[in-house]
Amino acid sequence: MDLAYWLGQAVEEIQEWTGGWEAFDPHPATAVDEDALREAFTDLTRRLAGSYPFFHPGYAGQMLKPAHPVAVVGHLAAMLINPNNHALDGGPATSALEEEAVGELAAMFGIDPFLGHLTSSGTIANLEALFVARESHPGRAVAFSSEAHYTHARMCRLLGVPTRVVAADRGGRMDLDALERLLALGGVGTIVATTGTTGLGAVDPVHEIVPLARRYGARVHVDAAYGGFFTLLAHAREVALIPPHPWNAIAHCDSVVIDPHKHGLQPYGCGAVLFADPGVARFYDHDSPYTYFTSPQRHLGEISLECSRSGAAAAALWLTQKLLPLTEHGLGACLAAGRRAALRWADLIDRSQHLDLFQPPALDIVSYFPRVRPAALSSIDGASHRLMENGMARRPNPVYVSVSRVGAHAFALRHPEVRPDRDDARILRSVLMKPEAELYLDRLHARVEDLARTGTEPGDVQPSDPTSEDAAR
Ligand SMILES: *Cc1c(COP(=O)(O)O)cnc(C)c1O
């Protein structure tokens with residue numbers, strides 16, 4: 001896809017639309033000097049070059065990648081108009097696009113009927129779900145696993161909702177026995193299940209949590225901010241890359257959050273929350289003296305906690321879902337590539353002399369650590385950190401991985417042979433969310449393995465490239 005051409009098309013088409021209105025003069029107050037612009041813009045692009053190369057498969061660190069060019073074009077076209085999806089007064093066209101795009105998300109999960117909307121992030125989407133949890137079951141607690149995103153504890157504090165933390169098992173999933181013991185004590189109103197934890201990509205057994213919750217009269221909210229789009233692989237007819245049951249059970253939950261700005265190829269500013277009971281709209285009731293005048297239809301601001309919200313985010317998501325639809329062979333193919341890469345990397349790490357797998361990947365996040373002798377949390381912690389730093393300093397072809405902190409108990413569940421000489425340790429974590437990871441994996445693995453083999457001393461930087469075939473390119 002020729003991005004420059006399509007960006008030009010976006011500008012041209014919108015100029016054609018604005019040009020259809022009566023002509024007027026732009027105010028001189030908004031005029032800018034082209035030379036000054038050139039200078040400042042040069043400065044800007046120079047400073048942007050200080051970013052990490054998220055676009056490159058050698059960047060296998062955090063949950064970061066550029067938006068798809070289709071999303072960029074859709075976003076730009078709408079951004080030139082700058083609609084606000086708070087109300088139909090602010091974004092009549094983009095509100096309709098939002099409803100269609102969100103309808104496709106709900107259909108992917110099999111939630112029908114539903115109430116839902118986009119948000120500016122997964123954090124805000126979860127806040128809304130927790131707000132509805134509080135309003136639905138006032139005075140009762142929200143339970144989540146020790147591996148849940150920290151936002152749940154923080155937002156419950158903000159909402160004044162009591163919380164209960166459920167232990168995780170050796171796969172990083174919510175422990176069902178611990179959950180049942182907690183539910184038997186009473187007082188839990190909502191359970192948060194996470195399908196794709198931010199740290200390890202663990203998938204809570206939603207299909208087992210739902211019947212337990214129902215037995216004790218609790219609601220279930222699913223935080224699928226990271227993993228939600230893996231539903232496309234669970235429904236895949238051809239190759240089973242992940243077990244389907246937790247994903248199929250989302251249709252039977254009370255709410256779910258998904259972040260199109262993570263696996264949905266969108267620029268930041270695009271989360272979503274869906275509720276199975278459209279009646280929860282009553283908790284959002286409010287009056288606005290400023291908006292909601294152009295249409296008696298429901299405005300998105302009447303069912304969301306945020307006010308101003310980018311209509312461009314909806315346009316970008318809508319356009320992307322047209323080209324890469326929410327099917328196994330549409331967007332699903334992007335997730336499948338990352339999943340296959342994670343499976344194959346786990347296998348390579350398993351057979352490596354220099355790396356150990358922390359736990360098998362459930363999605364596309366691989367957790368591992370350098371093999372150090374004697375094996376102790378302190379030496380693993382130091383070696384992981386050094387590998388991350390040496391990887392970034394490596395020339396040519398730096399390697400970007402991230403680290404994650406794991407408690408001694410969680411470590412002992414998986415690797416009892418490692419001496420717990422401190423409370424926690426950093427391990428390595430690589431999010432393979434770019435499909436290109438699949439094609440690049442051999443180079444990535446060889447480099448990480450080499451860093452693990454040689455980087456035992458602080459400050460060691462690898463001069464040689466074990467995969468020098470790119471040096472020849
Ligand atoms: C990323 C993430 C969040 C927070 O979402 P933001 O879009 O970063 O605000 C919440 N829960 C999980 C599981 C996540 O991965």
Practice problem: Could you let me know the centre-to-centre spacing of segment 114-131 and segment 215-246, using Cα atoms, in angstrom? | Solution: 18 Å
Quiz prompt | Within straight-line cross-link reach of K65, aspartates and glutamates at Cα separation under 13 Å, skipping those fewer than 8 residues along the same chain | solution = E436
Self-check item: Ranked by how many other beta carbons lie within 10 Å on average, peptides 417-423, 139-145, 182-188 from highest
Solution: 139-145, 182-188, 417-423
Quiz prompt | DSSP beta bridge pairing in the chain, given as percent antiparallel to the nearest 5 | solution = 55 percent
Quiz item: Just the accessible area for S136, please: 1.4 Å probe, Å², rounded to the nearest 10?
Solution: 40 Å²
Exercise. State in Å² the accessible area per residue of segment 331-457; use a 1.4 Å probe, count heavy atoms of protein chains only, and round to the nearest integer.
Key: 38 Å²
Exercise. Read phi for every residue in segment 422-436 and hand back ³J(HN,Hα) as whole Hz from Karplus 6.51 cos²θ - 1.76 cosθ + 1.60, θ = phi - 60°, with x for Gly and Pro.
Key: 7, 6, 7, 8, 7, 10, 8, 9, 10, 9, 9, 8, 9, x, 4
Practice problem: For the chain, with all protein chains present and a 1.4 Å probe, just round the carbon and sulfur fraction of the accessible area to a whole percent. | Solution: 56 percent
Practice problem: Using a 1.4 angstrom probe on the protein heavy atoms only, line up T291, T30, T151 by accessible area, largest first. | Solution: T30, T291, T151
Self-check item: Given charges at Cβ of Lys, Arg, Asp, Glu: segment 331-457 dipole, positive-most of A337, F369, A383
Solution: A337
Exercise. Would you please name the chymotrypsin sites (Phe, Trp or Tyr not before Pro) within segment 42-90 that are DSSP coil residues with at most 13 other C-beta atoms within 10 Å of their C-beta?
Key: F55
Quiz prompt | Accessible surface ranking that places the most exposed of Y52, Y368 first, with a 1.4 angstrom probe | solution = Y52, Y368
Quiz item: Per 10 Å bin, what percent of the C-alpha pairs of segment 331-457 does each bin hold, from zero upward?
Solution: 14, 46, 32, 8, 0
Self-check item: Contact order normalised by residue count of segment 331-457, Cα under 8 Å, 6+ apart, percent
Solution: 33 percent
Quiz item: By the gyration tensor of its Cα atoms, with a ≥ b ≥ c the square roots of the eigenvalues, what is the shape of the chain: rounded for a/c under 1.5, prolate for a/b over b/c, or oblate?
Solution: oblate
Self-check item: Residue-count net charge about S402 - beta-carbon cut-off 12 Å; Lys, Arg +1, Asp, Glu -1
Solution: +2
Self-check item: Dipole moment magnitude, nearest 20 debye, the chain about Cα centre, only Lys, Arg, Asp, Glu C-beta charged
Solution: 1800 debye
Self-check item: Lys/Arg +1, Asp/Glu -1 at C-beta; segment 353-442 dipole; positive extreme among V418, F358, M433
Solution: V418
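Rounded to the nearest 500, what is the chain's calculated 222 nm mean residue ellipticity when only DSSP H runs of at least 4 contribute -39500 (n - 2.57) each, over all residues?
Values: 15 runs with 188 residues, N = 473.
Dividing the helical sum by the residues of the chain leaves -12500 deg cm²/dmol.
Counting Lys +1, Arg +1, Asp -1, Glu -1, what net charge surrounds L127 among other residues with beta carbon under 12 Å of its beta carbon? Can you show the working numbers first?
Numbers: positive: R134, R154, R157; negative: E128, D223, E306.
Once all neighbours under 12 Å are counted, the net charge is 0.
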Practice problem: Go through segment 18-85 and name the GluC sites (Glu not before Pro) that are in a DSSP coil and have 16 or fewer other Cβ atoms within 10 Å of their Cβ. | Solution: E22
Quiz prompt | Value of Rg to Rh for segment 1-114 (Rh from inverse mean 1/r over Cα pairs, i.e. Kirkwood) | solution = 1.05
Quiz item: For segment 305-380, what's the relative contact order in percent, using C-alpha pairs closer than 8 Å and at least 6 residues apart?
Solution: 18 percent
Quiz item: In segment 290-331, which chymotrypsin sites (Phe, Trp or Tyr not before Pro) fall in coil by DSSP and have 16 or fewer other Cβ atoms within 10 Å?
Solution: Y290, F293
Exercise. Would you rank L64, L158, L265 by solvent-accessible area, highest first, keeping every protein chain in place and using a 1.4 Å probe?
Key: L158, L64, L265
Quiz item: Where does the charge balance sit around E39 when Lys and Arg score +1, Asp and Glu -1, over other residues with C-beta under 12 Å from its C-beta?
Solution: -2
Self-check item: DSSP bridge pairs, segment 331-457: antiparallel proportion in percent, nearest 5
Solution: 95 percent
Practice problem: Per residue of segment 384-395, in order, report the coupling 6.51 cos²θ - 1.76 cosθ + 1.60 (Karplus, θ = phi - 60°) as ³J(HN,Hα) in whole Hz, putting x for Gly and Pro. | Solution: 5, 4, 5, 4, 4, 5, 5, x, 5, 7, 5, 9
Quiz item: Where a Cα-Cα gap under 17 Å defines reach, which aspartates and glutamates qualify for K434, not counting those fewer than 8 residues away within the same chain?
Solution: D259, E328, D364, D442
Quiz prompt | Cross-link partners of K322 among aspartates and glutamates (Cα-Cα below 15 Å; sequence separation of 8 or more within a chain) | solution = E98, E99, E100, E104
Quiz item: With every protein chain left in place, what is the accessible area of K322 in Å² (1.4 Å probe, nearest 10)?
Solution: 100 Å²
Quiz item: At a probe size of 1.4 Å, how large is the accessible area of M392, to the nearest 10 Å²?
Solution: 50 Å²
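The values are calculated or read from the model by the stated rules, or taken from the named source; none is laboratory data. Please read all numbers here as calculations on a predicted model, not as lab measurements. Cβ atoms come from the backbone with ideal geometry, glycine included; neighbour counts cover every protein chain shown. Areas reflect the complete protein model, heavy atoms only, side chains present, ligands, DNA and RNA absent. Shrake-Rupley method; radii C 1.70, N 1.55, O 1.52, S 1.80 Å.
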